[in-house]
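> Please find one structure pasted underneath; my questions will follow.
The values are calculated or read from the model by the stated rules, or taken from the named source; none is laboratory data. The model shown is predicted, which means the values in this text are computed figures rather than measured ones. No Cβ is skipped: glycine too gets one built from the backbone with ideal geometry, and neighbour counts run over all protein chains shown. Heads up: the accessible areas ignore ligands, DNA and RNA and are worked out on the full protein's heavy atoms, side chains in. Shrake-Rupley method; radii C 1.70, N 1.55, O 1.52, S 1.80 Å.
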Amino acid sequence: MGRLNGDVQENVLVDLIKKAGGCAVVDGGFSTQLESHGACINDPLWSALCLIKAPDLIKRVHLEFLEAGAEVLVTSSYQATIPGFVSRGLSLEEAESLLTQSVKLAGEARDKFWSSVKRKSGHNYNRALIAASIGSYGAYLADGSEYSGNYGPNVTLEKLKDFHRRRLQVLVEAGPDLLAFETMPNKLEAQACVELLDEEDVPIPSWFCFSSVDGVNASSGESFEECLDVINMSSKVTAVGINCSPPHFVLGLIQRFKERTAKAIVVYPNSGETWDGTAKTWQPAKCVHDEFELLATTWRDAGAKLIGGCCRTTPSTIRSISRVLKDRTGPDF
């Protein structure tokens with residue numbers, strides 16, 4: 001991909017949004033769908049455990065989201081980290097190979113689906129992009145801190161850079177179309193990752209998604225104005241938004257973001273159910289899956305350019321979003 005002065009010259013994410021009619025569809029709750037097929041991921045590695053134990057299932061889930069209308073596949077690397085794998089007894093080389101595998105599996109699913117679809121005349125699918133997921137430091141800790149941003153006084157900007165650097169390098173080398181920084185809980189980690197993009201001269205676009213527990217601020221309590229100041233300074237970040245937060249927060253946050261950034265806005269909330277980390281159970285939702293069909297059009301009209309789902313959303317959720325955003329009909333929908 002050509003670059004100009006270190007910036008992304010040909011931005012595949014911008015191109016996809018245009019091809020999609022102004023709003024592209026992101027996939028849904030990957031771990032939720034893995035569990036629906038019997039995967040046991042109650043583990044510090046979470047869905048990344050399937051990179052070790054069930055890679056074929058990962059590809060199957062990617063295909064299910066593509067069939068539902070997803071135009072961006074987010075890889076299974078959210079909680080896949082080199083120290084996390086090494087702590088399980090894997091070598092450094094094995095850990096890096098699994099990160100590469102996360103991109104490869106998504107690419108194989110995408111290519112298989114696209115090869116089938118493009119033979120059909122009159123189809124209205126776009127060739128999906130692969131977004132390499134980079135979860136927050138809190139996701140690696142697996143202690144819920146991605147929803148608080150409270151990493152303690154010993155976690156500095158440089159420590160966060162050191163944590164993310166090699167994973168970012170390996171994922172970029174694996175050849176995804178873009179990077180997806182997910183559930184960023186605070187300004188410090190966003191700044192660390194933005195600076196890494198420049199330091200590593202990353203040639204592909206990125207999006208940054210924050211989490212929010214109050215619908216107003218980042219999970220750390222910092223204002224989104226502060227967080228967006230960091231994002232807005234980077235020409236390597238194409239989109240910014242919210243993931244893994246309740247759907248009823250989304251409209252207000254889109255409106256807030258629209259006032260403070262020219263970046264494309266990406267939203268993929270959870271189902272509205274909340275995870276009780278102590279009881280290890282999901283608490284009931286304030287929003288039901290059927291509402292996503294209505295909400296998706298509201299979010300699009302408010303300015304969202306990429307819409308999907310996070311925890312506890314399914315291919316059925318994504319199919320509903322795709323249907324209303326693309327006006328798709330026919331046997332698959």
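> Which one of V117, V170, V155, V103 is hydrophobic (A, V, I, L, M, F, W, C), free of Cβ contacts under 8 Å to residues at least 40 places away in the same chain and farther than 27 Å from E226 by Cα?
The conditions single out V117.
> Looking only at the stretch 30-47, filter to residues that are within 19 Å of the chain's Cα centre (by Cα) and either of a type in the set (A, V, I, L, M, F, W, C) or at pLDDT 95 or above (or both); which one of those is nearest to I265 (Cα to Cα)?
F30
> For the stretch 10-124, list the helices (runs of 4 or more DSSP H) that sit wholly inside it and hold at least 3 residues that are buried (at least 16 other Cβ atoms within 10 Å of the Cβ), at negative phi and touching a strand residue (DSSP E or B) at 6+ places or on another chain (Cβ under 8 Å); which are they?
Counting at least 3 such residues, we get 12-19, 55-67, 92-117.
> Hey, could you check the stretch 256-291 for residues that are among the aliphatic types (A, V, I, L, M), over 17 Å from G28 (Cα atoms) and surrounded by fewer than 17 Cβ atoms within 10 Å (Cβ to Cβ) and say which is modelled with the highest pLDDT?
A262
> Which is surrounded by fewer than 24 Cβ atoms within 10 Å (Cβ to Cβ), assigned to a loop (DSSP other than H, G, I, E, B) and charged (D, E, K, R), of D229, D214, D198?
D214
> Is at least one residue of the stretch 217-236 at pLDDT 95 or above and within 16 Å of the chain's Cα centre (by Cα)?
No, every residue in the stretch 217-236 fails to be at pLDDT 95 or above and within 16 Å of the chain's Cα centre (by Cα).
> Still on this model: So, in the stretch 33-49, exactly how many residues are farther than 20 Å from I134 by Cβ and of a type outside the set (D, E, K, R)?
Count: 7.
> Please indicate, with yes or no, whether at least one residue in the stretch 171-185 is among the β-branched types (V, I, T), modelled with pLDDT of 95 or more and open to solvent by 10 Å² or more (accessible area, probe 1.4 Å).
yes
> Please indicate, with yes or no, whether at least one residue in the stretch 196-203 is over 15 Å from the mean Cα position of the chain (by Cα) and over 16 Å from H164 (Cα atoms).
Yes.
> Looking only at residues that are of a type outside the set (S, T, N, Q) and either at positive phi or part of a helix (DSSP H, G or I) (or both) in the stretch 297-318, which one is surrounded by the fewest Cβ atoms within 10 Å (Cβ to Cβ)?
Here the answer is D301.
> If L253 satisfies every condition in (1) loosely packed, with under 15 Cβ neighbours inside 10 Å; (2) within 21 Å of R300 (Cα to Cα); (3) of a type outside the set (G, A, S) but one, which is the exception?
(1)
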